[in-house]
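Take a look at the structure set out below.
The values are calculated or read from the model by the stated rules, or taken from the named source; none is laboratory data. These figures come from a predicted structure and were not determined experimentally. We place every Cβ from the backbone using ideal geometry, glycine too, and count neighbours over all the protein chains shown.
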Amino acid sequence: MILPLFALFAILIFGPFSSAAREVPVLKGPINDFAGMMPQASAHDLEERLKRFKAQTGHTVVVLTVPSLEDEDMESFGRKAFPSLPLEETDLRKSVLLLVAVKERKVGLQTGSELRQLFPEPASSQKLLAHVGLYFDGFRRDLGIHAGVNYIFRVIKGEIHVDDMTEVEKLEEASLKGGEAGAIFALFLAPYFAFMVGGLWGIYAMTLGLPREIRLFMGAILGGGTAKIVTLLMALISSFGDALWFFILAVSIPLGVFGSLTEFWMSGEWSGIPRVKDRKTTRKPSEKMGI
């Protein structure tokens, strides 16, 4: 009598938790987009790539997207989904399952026994999330799936390794994170502002009647100082080496001097401020008729 009552108690207590687990949908083919992340044309293109990759390497890559995990852990859901792939046991050992949960914004990975050493966890899921997660909030979320699948392709081919980072990956990561943005902005903005500041100083100095030597000397100082301020601000975005700083300084100082040379770039064809000349025009005799 006690045993049936205990079993009933256990069902009442643990039953709701077990029923809340996310059921694995029926998987068919390499693309299983239950979350609706991929347009038809994009899904067809990726499916053809997956088929070509299997024909070339013998490895199967399957994509599974779900709207939500329904409070289930990604790892446990992946362990349930992987054996349900419509593959033979020999193919299952050489397969990779890419899982994406949209609501939880999570990415998971399940691999067969022959590929497990290539995809150590949790590094594999973290790197895939870095690729797929970039497009979660965009209009083309399918591009994240393409990026994740391409990363899996490169790992299987041996082009990159999950547990280390090649020079190509470092450049890609820096590009994705905007790592070179500060250097690029500093390279273009510092000389530009150095010239503008030098030009404004030159106009002001000419109104004061300062000698050219003093004006050009101050233009060099202001050009270098402006470059220093701009590079300090851009260094907040990303750091860059001393070589780039000296190059920027070498360009900004002459531009500051040139900006201060207002009598040159404000005269003739270089004139940035149009000059109004007092020209008296004579009217033709025919134009004076009737007055």
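Do any residues in the stretch 142-171 that are surrounded by 15 or more Cβ atoms within 10 Å (Cβ to Cβ) and at pLDDT 90 or above have Cβ atoms under 7 Å from those of residues that are part of a helix (DSSP H, G or I) and of a type in the set (Val, Ile, Thr), where the two are at least six apart or on different chains, and which pairs are they?
As it stands, the answer is Gly144/Val132; Ile145/Val132; Ala147/Val132; Gly148/Val132; Ile156/Thr57, since those pairs meet every condition given.
Could you please let me know if Ser68 is over 17 Å from Val149 (Cα atoms), of a type in the set (Ser, Thr, Tyr) and either assigned to a helix (DSSP H, G or I) or not assigned by TED's automatic domain parsing to the domain that holds Tyr135 (or both)?
no
Just to be sure, is Pro25 modelled with pLDDT under 90 and in contact with a Phe, Trp or Tyr (Cβ under 9 Å, 6 or more places away or on another chain)?
yes
Need the failing condition index for Met38 against (1) assigned to a helix (DSSP H, G or I); (2) under 19 Å from Leu134 (Cα atoms), just the number.
So the condition that Met38 fails would be (1).
Checking Lys54 against (1) surrounded by 21 or more Cβ atoms within 10 Å (Cβ to Cβ); (2) closer than 16 Å to Gly29 by Cβ, which test does it fail?
(1)
Between residues in the stretch 33-55 that are outside the structural domain of Ser68 (by TED's automatic domain parsing) and free of Cβ contacts under 8 Å to residues at least 24 places away in the same chain and residues that are assigned to a loop (DSSP other than H, G, I, E, B) and surrounded by 16 or more Cβ atoms within 10 Å (Cβ to Cβ), which pairs lie under 9 Å by C-beta distance while being six or more apart or on different chains?
none
Quick check: anything in the stretch 90-97 farther than 20 Å from Val155 by Cα and part of a helix (DSSP H, G or I)?
Taking every residue of the stretch 90-97 in turn, at least one turns out to be farther than 20 Å from Val155 by Cα and part of a helix (DSSP H, G or I).
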